[in-house]
Amino acid sequence: HFKNGVAENADSDEYVSRWLHAFAPHVGQPLNAQSEVKEGLRGTGSVMDALHKNRKAWGKDLNMPIFDAKELMESEEKQAEFLECMTDPGVALIKGMDGPESLETSIVGLPLRSAENTNWLIALPALGEALQLGPLRYSQASRGAMSEPAAFPVLQQLSDCTFSGGHTVTAMASRFAAVRPSHALFFVTYLAQGVQRIGKDYLRQESSSALGGDPRALQLFYNLLPEFGSLPWTLKPLLMLGAERFLGARGRCCLAALCALLCAAVWCCVAQRWGVSGSAFLLCTALVSLSSAVVDGLIDGRVAEESFDADSAASCRYLCEVGQITGGLLLGAAAWLLSLGSWEALFMTSASWLAVVPCILASMPKKGKQLVVDPADDKPDADSPKKGESLSGLKSMANRSVALVSAFAFTACLSPSLDFFLFRQHVLLLSASQQSLVSVAGSCGWFLGTSVYRHKIAPGRPAHAALRACLLLWPCGALASVAVALLAKPGPSGFWLAIAQHALAEFCKAMTFMPSTVLMQLHAARGCEGTAFTLMQWSGTIGQVLSRNLEYAFMAYFSVQPGLGSTGFEGFVFVAAASALWRLVTALLLHISISPGLEREAKLQAVVNRVHYFPMVNSTNNNINSTKR
């Protein structure tokens, strides 16, 4: 580092020669040819490796480093010490500085940007950007205003300042808190959805008798089921746009609580009154689907708010999926072991949604406060709706990356997933409790898929690279389904084949669900996370609706008729083969088109971020002429 361009004032660092040769192979080489490096490079090559290993999360018990503003401006040693504190632990207190005139975004950071402070303080954002270090605060992640958004774009996401009792500056906001109240809400909500997955099986089991075996009524029923791809779930973007435009944070929490309560009430009514007419049965199914869709959209918006990068997005999504899997395993195992009837299983589904209500109310922000401190939020009151932000955020989504993510979701979901439920019921003659055990196996397969993505595929890879790896595994489930449709017969062997087929099918579905959902969380526009996430998810919902009807078209073409019993499924193997061929072609198409496009957009965005940010630093700080490593 050459201070003021004078070599005599330089600070020098020593590097292992292997790293120097890795980037400049002809520098410092001996004259003979025996200097070639024999072993691979280790570590990251960063001088911060030791700090990364030794840093620990900090909370209210932290012994915070304290600096005097006047001494800090005059002493280079103190300035160097301050920058070190910005790296580890990532926070410091500067005393002796005047407070800001107001907490408006454009004014709050002016005391830190005064002329006498600019020479050394201006380097802080560049330091945070270059080192990619967070303070590892485990209490709560927040994003405060340090300066104007246009001046320091990096700090919109990475800085954190408070101005009570002095200036507290952190180099970056916490990436991910260890435990937060919102995480309990995510887990319980998705646990209820996991329980509901088993409840849907009991609805399916009774649908034939409740609807009189009418094929059109059955097709409508399957399009109304409370799951991704149903007709009520296609309304999620409009519902979320209205909620975020006209309701504040407290209002959205109240709406989520009311919808969860309605969902519990309808499940309870269905559990007690099996003798309802076919129209009432369809109406109850639609109400359950619509209310659960509203809760899902609002909670997914909260999940997207806490997704700062690919790793935190994968962690949040994994937490949600663990909750869903836990709920499915609990009710599915109980249904199989205890041979639960329809009343007991549906009542437990109602109770799980009822448990979501207090969790939502407990996470509701206090009146006049926000869920997250946002530097660009002009309406800090939690009761204020995001009218301007919802529209401006949606406008910011009109870019190529969002289009590619939406196209991937639509194309992947358009591939028929081939529901084997009717095949297991009419051909393999499985009972309701056995169907529940198959659902448990599917939950296990899903959990294994999400775990493989979270712990084996996602770490160390950008989201687009993880997606490419997942596409290689995705078609395996469809190929296995063809074999099961061809070989499975009634009896114990058919039962175990059905378990294996459903587990593998769910595992492979997770291979596209996880990376696409992580990409959606990362591209959700700030200020309208619920609307943005559900809008991208809506493309997948449309694909799923078309996929389900495409599956029915395949069944009609190959003369599959569930009303005829086992004899009506003689052409089912051809339906499975057509679905497998469709999935293979889709995986190849996504691999050669969508995945490279996402990679190009990610590289372009990285370049844009650096070009946008660093020229500002160089033009403002005239005393830092060059930095060389």
*Whichever residue in region 157-214 is in a helix (DSSP H, G or I) and modelled with pLDDT under 50 and, among such residues, is farthest from the chain's Cα centre (by Cα)*: LEU158
*Of the residues that make up region 450-462, is at least one aromatic (Phe, Trp, Tyr), assigned to a helix (DSSP H, G or I) and surrounded by fewer than 23 Cβ atoms within 10 Å (Cβ to Cβ)?*
no
*Condition met for ALA505 (under 26 Å from LEU437 (Cα atoms), surrounded by 20 or more Cβ atoms within 10 Å (Cβ to Cβ) and in the same structural domain as LEU241 (by TED's automatic domain parsing))*: yes
*asked:* Condition first: touching a residue at least 60 places away in the same chain (Cβ under 8 Å), surrounded by fewer than 21 Cβ atoms within 10 Å (Cβ to Cβ), outside any helix (DSSP H, G or I) and not small (Gly, Ala, Ser). Can you find one or more residues in region 322-331 that meet it?
replied: no
_Any hit, region 590-601, residues being of a type in the set (Ser, Thr, Tyr), surrounded by fewer than 17 Cβ atoms within 10 Å (Cβ to Cβ) and either at pLDDT below 85 or out of contact with any Gly (no Cβ under 9 Å at 6 or more places or on another chain) (or both)_ = yes
*Restricting attention to region 241-296, which residues are outside any loop (DSSP other than H, G, I, E, B), among the hydroxyl-bearing types (Ser, Thr, Tyr) and over 28 Å from the mean Cα position of the chain (by Cα)?*
SER279
*For region 202-260, what are the residues that are farther than 30 Å from GLY565 by Cβ, free of Cβ contacts under 8 Å to residues at least 40 places away in the same chain and hydroxyl-bearing (Ser, Thr, Tyr)?*
none
*Kindly provide the set of residues from region 482-525 that are part of a helix (DSSP H, G or I), more than 27 Å from ASP300 (Cβ to Cβ) and either in contact (Cβ under 8 Å) with a residue 60 or more places away in the chain or touching a strand residue (DSSP E or B) at 6+ places or on another chain (Cβ under 8 Å) (or both), ordered by number.*
VAL482, VAL484, ALA485, LEU486, GLY494, PHE495, ALA498, ILE499, GLN501
*Being over 24 Å from ALA480 (Cβ atoms), out of contact with any helix residue (DSSP H, G or I) (no Cβ under 6 Å at 6 or more places or on another chain) and either assigned to a loop (DSSP other than H, G, I, E, B) or touching a residue at least 24 places away in the same chain (Cβ under 8 Å) (or both) is the filter here, so list the residues in region 560-572 that pass it.*
GLY563
*Being of a type outside the set (A, V, I, L, M), out of contact with any Asp or Glu (no Cβ under 7 Å at 6 or more places or on another chain), more than 18 Å from ARG250 (Cβ to Cβ) and at pLDDT 85 or above, is that true of even one residue in region 352-370?*
yes
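The values are calculated or read from the model by the stated rules, or taken from the named source; none is laboratory data. Being a predicted model, the structure only gives us computed values, none of them experimental. FYI the Cβ positions are ideal-geometry reconstructions off the backbone, even for glycines, and counts take in every protein chain you see.
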